[in-house]
1. List the number of the failed condition for Gln118; all other conditions in (1) open to solvent by 10 Å² or more (accessible area, probe 1.4 Å); (2) in contact (Cβ under 8 Å) with a residue 40 or more places away in the chain hold.
2. Please go through the range 125-143 and pick out each residue that is within 9 Å of the chain's Cα centre (by Cα) and open to solvent by less than 10 Å² (accessible area, probe 1.4 Å).
3. Between a first residue in the range 215-230 that is modelled with pLDDT under 80 and a second residue that is of a type outside the set (D, E, K, R) and not in a loop (DSSP other than H, G, I, E, B), which pairs have beta carbons less than 6 Å apart while being 6 or more apart in sequence or on different chains?
4. Mind checking which residues of the range 29-45 are aromatic (Phe, Trp, Tyr) and under 20 Å from the mean Cα position of the chain (by Cα)?
5. Going by the structure shown, is Gly106 open to solvent by 10 Å² or more (accessible area, probe 1.4 Å), touching a strand residue (DSSP E or B) at 6+ places or on another chain (Cβ under 9 Å) and closer than 19 Å to Gly69 by Cα?
6. Identify all residues within the range 153-171 that are assigned to a helix (DSSP H, G or I) and buried (at least 17 other Cβ atoms within 10 Å of the Cβ); write none if there are none.
7. Do you know which residues across the range 224-254 are within 21 Å of Ala188 (Cβ to Cβ), open to solvent by less than 80 Å² (accessible area, probe 1.4 Å) and touching a Phe, Trp or Tyr at 6+ places or on another chain (Cβ under 9 Å)?
8. Restricting to the range 25-50, give me the number of residues that are surrounded by fewer than 24 Cβ atoms within 10 Å (Cβ to Cβ), over 22 Å from Pro265 (Cα atoms) and within 16 Å of the ligand (Cβ to nearest atom).
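The values are calculated or read from the model by the stated rules, or taken from the named source; none is laboratory data. Since the model is a prediction, treat every value here as computed from it, not as a measurement. With ideal geometry, Cβ positions are generated from the backbone for all residues, glycine too; neighbour counts draw on all protein chains shown. Note: accessible area is taken over every heavy atom of the protein model, side chains too, but ligands, DNA and RNA are not part of it. Shrake-Rupley method; radii C 1.70, N 1.55, O 1.52, S 1.80 Å.
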Amino acid sequence: MPNKIKKLAVLTSGGDSPGMNAAIRSVVRTCAYHEIQCIGVYRGYEGLIEGDFKPMGARSVRGIINKGGTILKSARSKEFRTPEGRQKAYQNLVDHEVDGLVVIGGDGSFTGALIFNQEFGFPVMGIPGTIDNDIFGTSHTLGFDTALNTVVDAIDKIRDTASSHNRLFFIEVMGRDVGHIALNTGIAGGAEEILIPEEDLGLDRLVDSLNKSRKSGKTSSIVIVAEGDKIGKNIFELKEFVDENMEGYDVRVSVLGHMQRGGSPSCFDRVLASRMGVKAVETLLEGKTNYMVGLLANKMELTHLDKAIKGKTKINLELLRVSDIMST
Ligand code: ATP
């Protein structure tokens, strides 16, 4: 491996997700394995601008693979969006003799990394960390699997109370622009209907579906609603609509919110984070830059950051059909 790189830095940026710590650990330990130095940058690009750096060795990341959140903290930095802010960040990296940067975050963080590379020629590598699974170039982003498990666990618990009282529950899950969490957890949690941003199913279909499931003898109903559902009503308005237009329903609403971002990462996310960290560091050591590491057909693959940022993930139509059939 041609190795001009002697020191790398790693940061977490944007929204946190379970598995970020496991990825930090992997980056740090892969650096140690290849006998290069590693610096942790606190609070994302904000810390890069302020020089909030800490040298990290293999032992400094002990006991974190099972922890949610990020020990390096995350932030959104307005200053990094300005050329002056990025100049300060670059100067800090030069002063600390850093030769490359691993950015763990979402597409906004990757946009910042790409602009930074274009301005200063500084080598950057991305690891996709977000629970939304909305990044092109990987079948799974870090944290997605854990979030699915968290949501399914919540649905199961809500189901217990729903079926004891013959209730209809609308459960809101994260996903402003994409319905990956809603679709997968809806199927796994046995939802009667799943409302996602990609498809406007319309209120008529919701009414039909609820009537059908009542006639078929179901004692409780669960409808999973992605935050960005396009039916045109938020989850509380959906409840009002059913209260006003459908008789005999005891309707409740549950917004799962930020609990979906927390918790100990699943086995899948820990393994994925470990693989992504190794691939990110070794790709930089090979002299490559501006890529995101991703999982495709169970292999670690590289996607150019530009493509990862601009590409759109698609909803799996087969899952929509499966969900339809399962709610029969
Ligand atoms: P999430 O998916 O959780 O929102 P994200 O990485 O997309 O994560 P953003 O807030 O969009 O989160 O971006 C994180 C940071 O990346 C921003 O606070 C900013 O510092 C930097 N960034 C985003 N877009 C740009 C840009 N166009 N130019 C420079 N920096 C940017």
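1. Failing condition for Gln118: (2).
2. Pro128, Gly129, Ile131, Ile135, Thr141, Leu142, Gly143
3. Sorted first by the residue in the range 215-230, then by its partner, the pairs are Thr219/Ser163; Ser220/Ala162; Ser220/Ser163.
4. Listed by number, the residues that qualify are Tyr42, Tyr45.
5. So Gly106 fits the description; yes.
6. Listed by number, the residues that qualify are Ala154, Ile155, Ile158, Arg159, Ala162.
7. Within the range 224-254, Ile224, Val225, Ile235, Val253, Ser254 qualify.
8. Qualifying residue count, the range 25-50: 3.
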